[in-house]
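Beneath this line is the structure, given in structure tokens, with notes to follow.
The values are calculated or read from the model by the stated rules, or taken from the named source; none is laboratory data. The structure displayed is predicted, hence computed values, not measured ones. Please note: Cβ atoms are built from the backbone with ideal geometry, for glycine as well, and neighbour counts cover all protein chains shown. These area figures cover heavy atoms from the full protein model, side chains too; ligands, DNA and RNA do not enter into them. Shrake-Rupley method; radii C 1.70, N 1.55, O 1.52, S 1.80 Å.
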Amino acid sequence: MTLVLVVALAIGLMFIGTPIFVIISGLTLFLFFDSQIDISAIIIEMHRMATTPVLVAIPLFTFAGYLLSESRAPKRLIRLSNAVLGWLPGGLAVIALFCCAIFTALTGATGLTIIALGGILLPAMIRSRYPELFSLGLLTTSGTLGLLFPPSLPLIIYAIVAQIRIDQLFIAGILPGILLVILLSVYCIAKAGRAGVPQTPFDPKELLGALREILWELPLPVVVLGGIYTGYVAVSEAAAITVVYVFVVEVLIHRDIRWRALPEIMKKSMVLVGGVLIILGAAMGLTNYLIDAQIPMQMLKFFQTHIESRTLFLVILNFFLLAAGCTMGIFSALVVVVPLLTPIGQAYGIDPIHLGIIFLTNLEIGASLPPLGINLFISSIRFDRPVLKLYWASLPFIAILLLALAIITYIPWISLVLVTP
């Protein structure tokens, strides 16, 4: 009974805005003291996490992403995309999808994408006669669109928590991520056609100018991902290369970022990293208790007793993960829920890599899912629009993303075809 009251209190604190790491840490300490389990297990778990070789990739990739966001790289990316796709019906909407996906993959922070690109893209879409409701829904839901593309921070964290190979998870996310972008692009093209949005004629001179302007940023995905996939560099080494490359390009070549601005950018990026690491440490301690208390085994026994169908299990899993992504936030859900669901998924014959892609796709959608998806509130602040209006604006895009989720869930081939054994 005491545990039920403590959990209810934790949920209540979460809904009134208490930081999630405070809630998880308090719940972890209560469970350890209440069960008389040695509290040194928390320290051991945090030490294990701190000595994980790939953990260094988190601050490095995050700092590189913040450098890109503070530079003029987003504007150069939008200019190139417009030069390539502006002639297409709905070209600017498709450009917004691509740019948001790339930017989220590089920064790992969905709110940062909305803040950094939203201020550029929303006025441009409205000037191009896109309906405001459509534009708001597009930019709100696109804030998480790049989570399946490497080197996304949630991909790295999932691989660490689930103890699977990061390079395999990176590869597995490519086709599902492309599927999401393609389905949303088809809807955008159809919507723009019905709305009579004008097209931009193709201009070879503009394309050459845009290419010349972004020439230094273009090799970045090839340098980073090519090195990882070919085996020449580890993920942590690729993260270090990314930081050096982005620093040289944005600070020394383009000079978009002044030297005196670097400490502030570093501070902002490390605040995000610090929050993620605190959540990881606290949640790992909670996970340690749950495993010692055999909670995953009890959940597995319950599922096997009441749910025999693998298909039905996947339906329930998706509903549960959507709720987790909507209420808990991406990073908290990763470190708390993954250890609970991994053994259950394996018992139902779900490949661990496929389960990871299902998991991340749900969290990606949940971040924009009414009523509590974090992207809705970030967009409300960024665009100065009522959150209820953003609920309505996001619904068509959520429906398309749910269709993609069903395809990803029930056709494992999409996630696994590129993964080498």
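For the range 342-352, what are the residues that are among the hydrophobic types (A, V, I, L, M, F, W, C) and open to solvent by less than 10 Å² (accessible area, probe 1.4 Å)?
If the condition is that a residue be among the hydrophobic types (A, V, I, L, M, F, W, C) and open to solvent by less than 10 Å² (accessible area, probe 1.4 Å), then I344, I350 are the ones that fit.
Filter the helices (runs of 4 or more DSSP H) completely within the range 30-111 down to those with at least 2 residues that are more than 30 Å from A261 (Cβ to Cβ), out of contact with any strand residue (DSSP E or B) (no Cβ under 7 Å at 6 or more places or on another chain) and modelled with pLDDT of 65 or more.
So the answer is 73-85, 91-107.
Would you check which residues across the range 401-421 are surrounded by 17 or more Cβ atoms within 10 Å (Cβ to Cβ) and closer than 29 Å to P131 by Cα and list them?
L401, A404, L405
Touching a helix residue (DSSP H, G or I) at 6+ places or on another chain (Cβ under 6 Å), open to solvent by less than 10 Å² (accessible area, probe 1.4 Å) and modelled with pLDDT of 80 or more: is that true of A162 in this structure?
no
Suppose we filter the range 77-91 for residues that are in contact (Cβ under 8 Å) with a residue 40 or more places away in the chain, within 22 Å of L136 (Cα to Cα) and in contact with a helix residue (DSSP H, G or I) (Cβ under 6 Å, 6 or more places away or on another chain); how many remain?
Selection size over the range 77-91: 7.
Just to check your reading of the model, which residue among A192, A210 is touching a Pro at 6+ places or on another chain (Cβ under 7 Å), within 23 Å of S135 (Cβ to Cβ), buried (at least 17 other Cβ atoms within 10 Å of the Cβ) and touching a residue at least 24 places away in the same chain (Cβ under 8 Å)?
A192
Looking at L215, L180, L169, L155, can you tell me which residue is farther than 18 Å from L334 by Cα and either part of a helix (DSSP H, G or I) or open to solvent by less than 30 Å² (accessible area, probe 1.4 Å) (or both)?
Only one candidate qualifies: L180.
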